[in-house]
Structure formats: C-alpha cells, structure tokens
Amino acid sequence: MTFSTHQDIDPARYRLLWDASEGSGPVIYWMSREQRARDNWGLFLAQQKALELKRPMVVVFCLTTEYPGATRRHYGFLLRGLAQVQKDLAEHNIVLHLLQGDPEKTLPAFLESISPALVVSDFDPLRIKLQWRNAILAHSRTPWYEVDGHNIVPCWQASPKREYGAYTLRPKLKKLLPRFLTDFPPLAVHPYSITELTGKTFKPGILLDQIQKSTAGEVNWIIPGEQAARAMLAEFLENRLEHYSIDRNNPCVNGQSDLSPYFHFGQLSPQRVAWEVSQSQYSPETTEPFLEELIVRRELSDNFCFYTPDYDKVSAFPDWALKTHDAHRQDTRPYLADLAELEKAATPDHLWNGCQYQLREHGKLHGYLRMYWAKKILEWSQSPEEALSNAIYLNDRYSLDGRDPNGYAGIAWSIGGVHDRPWFDRPIFGKIRYMNQNGCRRKFKVDLFLQNLLEKSMMQETTLSIGDRQ
Ligand code: FAD
Ligand code: FO1
C-alpha cells in the first residue's frame, strides 16, 4: 500500500450542510467528537476559512452534565483533556469558549450573539449528536460545514450504505486509503485576534463537582489528554506493536494499544496512529493486524451507526439473526442474571465476574473478553432485547471508551450477529456465534487472568475467586 504525503485539506473530508452568506463575526469551530488541538481536520478547515476571510476564530465546546449515561469517570477524562486543549489553542491565538447547559439552547443563542462568518462542526453518527446538530442547524443563518475528523476515509465517502461486514467494507477502504491516509499540516498561530471573548479558563475540578458523586469514579491507570495520548502511542509503537498479532488476544499480557479512550474523546486522531504505524520500521505482516482493527473494524462501526438509526436496538440485527432469536425465545434458560447481579459481578461464572470487575473498576475490559462478556449476557437473559439493553447499559456506564459506535457495533456483533454470519443452531443462541469458557481456556490462562486481577485489587463486593464452578 502506498500513502500520500500531500498536506492540503481534501475537500472530500467535509461537506457543506447549509449554504448562506457569511456573517460579520469570527469563524466558529464547534468541537465535540474531536477534542484536540493537533491533527484535527475540523480545526484546520476552520482555520483555513478564517485565514481566507481574515477573521479570528473561536472554538466552542458545549458541555452538558446530562450526557446520557455518562459518569464522573467520563467527565473527568473529558474535562482534563479539554483544559489542555484550551491552553494549547491559546498558544495558537485561538480561544476555546465553554458553553454550559443544553447545546440545543446554548449554541444557537451564542451564534446569534456573535454573528459568525461560518460554522464548522465534527461529524458523529450517534443519535444524540445528530439530534443536536439538526436542531442547531435549523437556526443557522450562516454557512455550516461538517468535517469527518474521526474516520480516515470519511464515512460518507467510504460507502453510501450499511455494509454487510468487514469483507465488503475492506476493499472500498483499501481503494481510497492512498488518497486519505496522509500526514497532517501543523496548526498555525492564528494572526487575527478576538477581543470580545477571552475564553475564561475552566477548572476541571470545579466542573466535576457538578457531576453526581455516586457514579463510576475516575481511574488512574490512564492519563487524560492529548499529550499523554501521544506518549501512549509512542510507547505502543516502540514496545508493543511488534507483538500485537500474537499478544492482542491474550488478556494476561498487555498486548493491546489501550488507545480507545483517547479515540473516544477525540484526544488522539486515529489517522495520526495509522500514519505513524504505516511509516514505522515494521513489515506489513507486523502492522496489518493492527491496521485491520484500527481502520477496517473501527470504520465499519461508524458505517453501522451512520446507516442504522436504531443501532442500539434489536431491530438493527440482520434478518437471519432476528429469525433465529425468535425461534429460540421459549428455550429454557438454566440460569438467569438480572441487571443487579450482572452489575455486582455476582454470577456463578468466575471468569465473567472477573470481566465485569475489570470493566467496573478498571474502566476498560480486554478486547477478547468483551466478546465473552456480552455473549454470556445473552445466554443469561430472558430475551435478546433484555440482553442488548443490559450490555449497553453496563458498557456505557463503566467503560471509559463506552458510548461509542465501536461499542454499539461490538455488542450488536456479539448478541445480534451484526457483521457476522449464521453458525450452527444451538439452544438459546440459535445461529448466533457461541462462546464458552473452554474456548477461552484454549486461548489463554484463565486462572492467571483471575489471579492477576486478584493481585491488583482487594476484590471487594464481588464473588470473584480463582477456580471454576461452570
Ligand atoms: P487495540 O486492539 O489496540 O486496537 C486499536 C484500535 O482499533 C482500538 O482503539 C479501536 O479503535 C479499534 N478496534 C479494535 N478492535 C475493534 C473492534 N472489534 N471493533 C471496532 N474497532 C476496533 N470499542 C470501543 O472503542 N468502545 C466500546 O465501548 C467498545 N465496546 C465493545 C463491546 C463489545 C461487546 C465488543 C465485542 C467490542 C467492543 N469494542 C469497543 C471494540 C474493541 O473491543 C475495542 O475497541 C478495543 O478492545 C479497545 O482497546 P484498544 O484500544 O487497546 O484496542
Ligand atoms: N460531547 C459534547 O459535545 N459535550 C459533552 O458534554 C459531552 C459529554 C460526554 C460525556 C461522556 C462521553 O462518553 C461523551 C461525551 N461527549 C460529549 C461526546 C464525546 O466527546 C464523543 O464525541 C462521542 O461520545 C463519540 O461519538
């Protein structure tokens, strides 16, 4: 594969959502999915337009304490990252202005008051973001551009429809990657200043006090922010990428990149990571397995959510999966777990309890175990609807990278056969791909995984122990 080195913003990365004449004020970039000062196509487009028009630029972030299912764990990561972005942007003579409250109210009022030249916003396929965007766009009197700064190949360019699986999206991406997988231009110090707005410095601690204390707490194994994200990437490139193809499916070793929280909050650009990997000294045989996950699987998730408005409902499952689930609704379930048992990690399955413990306390479950975790929820639920809803609730509440297209696609894959194919018919699962603990034992040392968890923690409130009752 060859990759381009040109530095311009490819017009195919953005689309004009609303055409009108420019207002008299600054160029506004509404930052939401891409919370970073570097490697951010939305920010570059805003700067490019502001330079053409000789205007100042303002970056706006709309902070709502009502973001569905989000906890202190998520807000802590988001706010600490944003504080860095504000500082970084200030060094580039760009103001980061924080609006607090419902974005559908605060942003239109702000835009009305400032009469922007134009607005640039981030593409995001999730329902809440589309709802915000559409409601705010309805008030817009100035041009509005939307930029996909998350996918390397912009979601709408990669495919005009929902793809069946990685095998149908992969060739489309491969064809377009030489055009889109480029390096980034640097952000310039902006030559035009704004005096009316100072972008009052915000303190994450004070804002965090507004978030309910009873929810999942912050974790300390990962440092929020762009700088730490880049350090994690450098460490991964140096030490772990080489062994990724072997180690990534072993929860007993630190084989994954751990970059997903940074991607979720936009503190690191997936394109930056793909670019660095493609330019590294490693052979394609070494880098391909990682690029497959980072590019094909990740962009397939955005494709799924973008073209499937009910991405978090059973109705999003393919026909064969809906039929097989219907055929097995009456199957006897030898064990049923309700949400409280699941949340407390109090099931009879010690490996599953370990997974739930890792998710709840650590805020990130190992990638291989996420599949086992979700499939067991299906096995122990009265219906696929209940399984899907409980899995999404737990994932979004506890996983630092939750509330993400990857999560909705991963859970729909595990419980609803999305992007998968029918397997052999069996009780409860029907033709949905089955996973059990014996399979895990063939892949990795289950007892060592549990032992490691025990050593790292006091394991309060859980029934986690070594040994197995299933
Ligand atoms: P690495 O293995 O280092 O991979 C690098 C990047 O590739 C990831 O950060 C991610 O962006 C992408 N990637 C890797 N695996 C997948 C995959 N299967 N699908 C899509 N993209 C992938 N991912 C989330 O980001 N948020 C979630 O809430 C989430 N929930 C999941 C729930 C279930 C039931 C399943 C089966 C998968 C889920 N995934 C989720 C996908 C995947 O497990 C994680 O992206 C991955 O484990 C993140 O860890 P990492 O960054 O260390 O991954
Ligand atoms: N995006 C915003 O624009 N404003 C918020 O207040 C906000 C809160 C939030 C909390 C948890 C979380 O997981 C995401 C949150 N997001 C918020 C969105 C986030 O930054 C990502 O853009 C999407 O979740 C990815 O699709």
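Throughout, read-outs are computed from the coordinates displayed, never taken from laboratory work. All values reported here derive from a predicted model rather than from experimental measurement. Positions of Cβ are backbone-derived with ideal geometry, glycine not excepted, and every protein chain shown enters the neighbour counts.
Here are a few things to note about the model shown:
- Using C-alpha pairs under 8 Å with a sequence gap of at least 6, the mean separation divided by the residue count of segment 314-455 gives a relative contact order of 30 percent.
- Sum of side-chain charges, PRO116 neighbourhood, beta-carbon under 14 Å (Lys, Arg +1; Asp, Glu -1): 0
- Phi-based couplings in Hz for segment 135-144 (Karplus 6.51, -1.76, 1.60; Gly and Pro marked x): 5, 6, 4, 4, 8, 5, 10, 10, x, 9
- The charge dipole of the chain, taken about its Cα centre with unit charges on the Cβ atoms of Lys, Arg (+1), Asp and Glu (-1) only, comes to about 420 debye.
- As a length-normalised measure over Cα pairs under 8 Å and 6 or more apart, the relative contact order of the chain settles at 18 percent.
- 22 Å tail of the calculated P(r), segment 28-122, as % of Cα pairs: 27
- Subset of LYS54/LYS174; LYS129/LYS161; LYS129/LYS213 violating a 29 Å alpha-carbon distance limit: LYS54/LYS174
- For LYS49, the aspartates and glutamates whose Cα comes closer than 16 Å to its Cα, not counting residues fewer than 8 places off in the same chain, are ASP8, ASP10, ASP19, GLU22, ASP122, GLU146.
- When you filter the chymotrypsin sites (Phe, Trp or Tyr not before Pro) in segment 225-286 for DSSP loop state and at most 13 other Cβ atoms inside 10 Å of their Cβ, nothing is left.
- For segment 29-41, the Karplus equation 6.51 cos²θ - 1.76 cosθ + 1.60, evaluated at θ = phi - 60°, returns couplings of 10, 8, 7, 8, 7, 10, 9, 7, 8, 9, 6, 10, 4 Hz by residue, with Gly and Pro reported as x.
- Per DSSP, loop trypsin sites (Lys or Arg not before Pro) in segment 15-74 with at most 14 further Cβ within 10 Å: LYS54
- Backbone N atoms of segment 381-409 closer than 20 Å to the 7 Å Cα→Cβ label point of ARG333 belong to residues 381-397.
- Ordering PRO68, MET57, LEU79 by the projection of their Cα atoms onto the charge dipole of segment 40-105, which places +1 on the Cβ of Lys and Arg and -1 on the Cβ of Asp and Glu, puts LEU79 at the extreme positive end.
- In a DSSP loop and with at most 13 other Cβ atoms within 10 Å, the trypsin sites (Lys or Arg not before Pro) in segment 192-261 are LYS200, LYS213.
- Nearby aspartates and glutamates by direct alpha-carbon distance to LYS105 (threshold 17 angstrom, same-chain neighbours under 8 apart not counted): GLU66
- Which of GLN437, PHE236, ALA412, positive extreme of dipole for the chain (C-beta unit charges): GLN437
- Taking the empirical scaling 2.2 N^0.38 Å for compact globular proteins as reference, the chain has a Cα radius of gyration ratio of 1.00.
- Among residues other than GLY25 with Cβ under 14 Å from its Cβ, the summed charge is +1 (Lys and Arg +1, Asp and Glu -1).
- Rg(Cα) / (2.2 N^0.38 Å) computed for segment 181-278, rounded to two decimals: 1.43
- Förster-model FRET efficiency, 35 Å R0, SER214 and SER24, C-beta, rounded to 0.05: 0.15
- Excluding exposed DSSP-loop GluC sites (Glu not before Pro) (at most 12 other C-beta within 10 Å), longest clean stretch of the chain: 197-460
- Pairwise Lys count, segment 314-455 - Cα closer than 26 Å, eight or more residues apart or different chains: 18
- Eligible aspartates and glutamates near LYS175 by straight Cα distance, threshold 15 Å, same-chain separation 8 or greater: GLU292, GLU299
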